[in-house]
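Engineer: Starting off with a structure, shown below.
The values are calculated or read from the model by the stated rules, or taken from the named source; none is laboratory data. Since the structure is predicted, the reported quantities are computational estimates derived from the model, not experimental observations. Using ideal geometry, Cβ is built from the backbone for each residue, glycine included, and neighbour counts are taken over all protein chains shown. Just so you know, the surface numbers come from the protein's heavy atoms only, side chains and all, with ligands and any DNA or RNA stripped out. Shrake-Rupley method; radii C 1.70, N 1.55, O 1.52, S 1.80 Å.
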Amino acid sequence: MSASLTENRPVEIWSGKDQGDENFPVSRIVRRKWRPHVNAYYAFARNADDIADHPDLSANEKISRLDLMEAVLLGHADHGSPTASRLRDSLALTGIDPRHATDLLVAFRRDAIKHRYESWDELLDYCRYSAMPVGRYMLDLHGESLQTYPSSDALCASLQVLNHLQDCGKDLASLDRCYLPADILDAHGARIADLRRSSCSPALRQVLDDLLNRTERLNVEAAPLSGLTADRWLRVNVAMIHRLAERLAQRLRHGDPLARRVKLRGIDIALSLFQGLRAL
């Protein structure tokens, strides 16, 4: 571990991103008693993500910082990551397994060294660590049944892939990362270099539509989740986020993420909230 990480200085470092880079920030539609725990988990994930995406850190330094976050979270180190300390205390109070946090670190370590994905299955394996733990944490926090896991996993994977599609050009330009699977690019005659254009080539448009078709199938798999969720306010949250995922997929179907960032609008959020409240 580098000397800079052995002097009790926090490893957390802002990457330059803010909430404008997120579609689905932690919702306030959560029971008051759970909010401190949700916020602790979110802060841990946010800081780990910032480390993984920081443009000025080497891959080795990113991994060292993420390793220290895990050490503090698991009680193997006392200092260096305030958000890991906070989440460790939260997990002790709630009795939730720390794997929902350590799994995230698997994905962020992967981001530090892996810049290309060969197949849809490989991308879903990344989602297994980068996105699915968030849904599982929320379900466990609310005492939901394990039967909710499969549809939650599908929803979280959908959200992750949609974010990759939104940021496909920016990810390549700023981080040299391409999450669009190589076999799907090849199948449509597209190249990674197409992501450096100011607008989508016809081949790249076919790639995006192919991935949106797959994402919409994930949204179908996610549809039962709100009906399986026992906690009323979590049910609202789930229904709202599911609808937002559907609406963002529609926006991406008709928008060009290279020309401008395709994002949700106020009307999307209002209608999705209405859909969520209907779940009550």
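Engineer: Among 64, 81, 158, which one shows the highest mean-square fluctuation when the chain is modelled as a Gaussian network with alpha-carbon springs under 10 Å?
Structural biologist: Taking springs between Cα atoms under 10 Å, the residue moving most is 64.
Engineer: Compare 120, 233 by solvent-accessible area with a 1.4 Å probe and give them largest first, with all protein chains kept in place.
Structural biologist: On the way: 120 35, 233 90 Å².
Ranked from most to least accessible, the order is 233, 120.
Engineer: Another one. For residue 191 paired with residue 256, estimate the spin-label separation in nm (one decimal), with each label point 7 Å from Cα along the Cα-to-Cβ line.
Structural biologist: Each label point is offset 7 Å from its Cα along the Cβ direction, giving 1.9 nm.
Engineer: Hey, if we sort 33, 62 by accessible area with the 1.4 Å probe, largest down, what's the order? Don't jump to the answer; show the numbers that get you there.
Structural biologist: On the way: 33 130, 62 20 Å².
Largest accessible area first, the residues go 33, 62.
Engineer: Next question, about the same structure. Counting only heavy atoms of protein chains, what accessible area per residue, in Å², does the chain have with a probe of 1.4 Å?
Structural biologist: Working: 12940 Å² over 280 residues.
With the other protein chains kept in place, the chain gives 46 Å² per residue.
Engineer: State the percentage of accessible surface on segment 55-172 attributable to carbon and sulfur atoms; use a 1.4 Å probe and exclude ligands, DNA and RNA.
Structural biologist: Numbers: 2280 of 4570 Å².
Reported share for carbon and sulfur atoms: 50 percent.
Engineer: Something else: Counting helices only, and only those DSSP H runs with n ≥ 4, report the 222 nm mean residue ellipticity of the chain as the sum of -39,500 (n - 2.57) divided by its residues, in deg cm²/dmol to the nearest 500. Walk me through the intermediate numbers first.
Structural biologist: Details: 13 runs with 175 residues, N = 280.
Computed mean residue ellipticity for the chain: -20000 deg cm²/dmol.
Engineer: Farthest toward the dipole's positive end in the chain, which of 39, 90, 208, given Cβ charges of +1 (Lys, Arg) and -1 (Asp, Glu) about the Cα centre?
Structural biologist: 39
Engineer: May I ask you to evaluate 6.51 cos²θ - 1.76 cosθ + 1.60, the Karplus curve with θ = phi - 60°, for each residue of segment 214-219 and list the ³J(HN,Hα) values in order in whole Hz, giving x for glycine and proline?
Structural biologist: 5, 5, 5, 5, 5, 5
Engineer: Related question: Against the globular-protein guess of 2.2 N^0.38 Å, express the Cα radius of gyration of segment 31-113 as a ratio, rounded to two decimals.
Structural biologist: Details: Rg = 12.6 Å, N = 83, 2.2 N^0.38 = 11.8 Å.
It is 1.06.
Engineer: Assuming R0 = 25 Å, can you tell me the calculated FRET efficiency for the pair residue 217 and residue 110, based on Cβ-Cβ distance, to the nearest 0.05? Could you put the intermediate results ahead of the total?
Structural biologist: Values: r = 24 Å, r/R0 = 0.97.
The pair residue 217/residue 110 has a calculated efficiency of 0.55.
Engineer: Residues with beta-carbon under 12 Å from that of residue 97, excluding residue 97: net charge, scoring Lys, Arg +1 and Asp, Glu -1? Present the calculation step by step, with values, prior to reporting the outcome.
Structural biologist: Numbers: positive: 99, 136; negative: 103, 140.
Around residue 97, the charge tally is 0.
Engineer: Could you grab the relative contact order for the chain? Cα pairs under 8 Å, six or more apart, rounded to a whole percent. Could you put the intermediate results ahead of the total?
Structural biologist: Details: 386 pairs, mean separation 46.9, N = 280.
Computed over the chain, the figure is 17 percent.
Engineer: Right, here's the next one. If you plug each phi of segment 233-238 into the Karplus form 6.51 cos²θ - 1.76 cosθ + 1.60 with θ = phi - 60°, what whole-Hz ³J(HN,Hα) values come out, in order, with x for Gly and Pro?
Structural biologist: Once rounded to whole Hz, the list reads 6, 5, 4, 4, 4, 4.
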